[in-house]
Amino acid sequence: MASGFLTLISFFTRIPVGRKITYDENNFKRALSLYTLMGAVIGILLVAVYFLFGRTYIAFLRGLVLTIGYVAITGGIHLDGAADTSDGLFSGRTGERVFEIMSDSHIGAFGVICLIVIILSQFVLFSFADMFTCFLMPVVGRACLTVSCMGKKYAKKTKGMGTTFIESMDTKTVAVNLIFLAIFVVITPYRMIFSVSCFATIAATLFISGWIEDKIGGMTGDTCGFIIETSQIIFMILVLF
């Protein structure tokens, strides 16, 4: 399990794990129960950044540094997926043409718009978020993704790591991830606000993932990135407003 958890960190973040990680599909599948816990690792690093700039009287400076910090920690992997998803789903195309657009290495107009909206939203929201919101944001994003993938198939004909991730999200795996989320929410001082915001965010992402499934017949690695980035923004908006 520990080896699988390090695999998650090495594949989905830029956090150094101290040694070369060899991908093993069985370890990867077992470690998916800890996917939300990986979000907590990201959250702890964001809290560290928050403390470094928490005393600055310029709120937007803190927001800028936290946004840059989040992108640096994750390597922008989910931003890339969100942009590709936007290009494909909003292109007006259907069938395999959507996947061709999503797989294109060139970014389109909708991808650019998506990145601008996400990064600006994170910048503004991080500027007014407290350390507990900063910690929970990546935890909620990853919990929402586990729920969004449950019961869905991999949409592309060509298989990849995204296939393993999406099709391994069974009820037990999702339940464990939600338990981790619940524990982290309960230990915060604003548990009622966070609980309601988490529930509403999960409901919203279920709707979004259902819409994606209607469009392309399932989920892909790119749409997983889209779910994470949008759910994190929804969560912070609900907490702050």
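Filter the range 146-174 down to residues that are within 18 Å of the chain's Cα centre (by Cα) and exposed (fewer than 13 other Cβ atoms within 10 Å of the Cβ), then give me how many there are. The qualifying residues number 1. When 44, 77, 15, 21 are checked against the criterion of being touching a helix residue (DSSP H, G or I) at 6+ places or on another chain (Cβ under 9 Å), touching a residue at least 60 places away in the same chain (Cβ under 8 Å), β-branched (Val, Ile, Thr) and open to solvent by less than 70 Å² (accessible area, probe 1.4 Å), 77 stands alone in meeting it.
Taking the criterion of being buried (at least 18 other Cβ atoms within 10 Å of the Cβ) and of a type in the set (Val, Ile, Thr), the residues of the range 80-113 that qualify are 85, 98, 101. Just the residues that are open to solvent by 40 Å² or more (accessible area, probe 1.4 Å) and at pLDDT 85 or above, please, taken from the range 51-70. Listed by number, the residues that qualify are 51, 52, 60, 61, 64, 68. Of all residues in the range 228-241, those being assigned to a helix (DSSP H, G or I) and farther than 16 Å from residue 115 by Cβ number 8. Kindly indicate whether residue 206 is among the hydrophobic types (A, V, I, L, M, F, W, C), part of a helix (DSSP H, G or I) and buried (at least 22 other Cβ atoms within 10 Å of the Cβ). No: the conditions fail for residue 206. Among the residues of the range 192-241 satisfying the criterion of being free of Cβ contacts under 8 Å to residues at least 24 places away in the same chain and small (Gly, Ala, Ser), which is nearest to residue 153 (Cα to Cα)? Checking each candidate, the answer is 210. Given the structure, is residue 180 more than 17 Å from the chain's Cα centre (by Cα), surrounded by 20 or more Cβ atoms within 10 Å (Cβ to Cβ) and modelled with pLDDT of 90 or more? So residue 180 fails the test. Please go through the range 24-34 and pick out each residue that is assigned to a helix (DSSP H, G or I) and either closer than 21 Å to residue 183 by Cα or open to solvent by 30 Å² or more (accessible area, probe 1.4 Å) (or both). Correct list: 25, 26, 27, 29, 30, 31, 32, 33, 34.
The values are calculated or read from the model by the stated rules, or taken from the named source; none is laboratory data. As the structure is a prediction and not an experimental result, all values here were calculated from the model. Here the Cβ is made from the backbone with ideal geometry for all residues, glycine too, and neighbour counts use every protein chain on show. Only protein heavy atoms, including side chains, enter the accessible area calculation; ligands, DNA and RNA are left aside. Shrake-Rupley method; radii C 1.70, N 1.55, O 1.52, S 1.80 Å.
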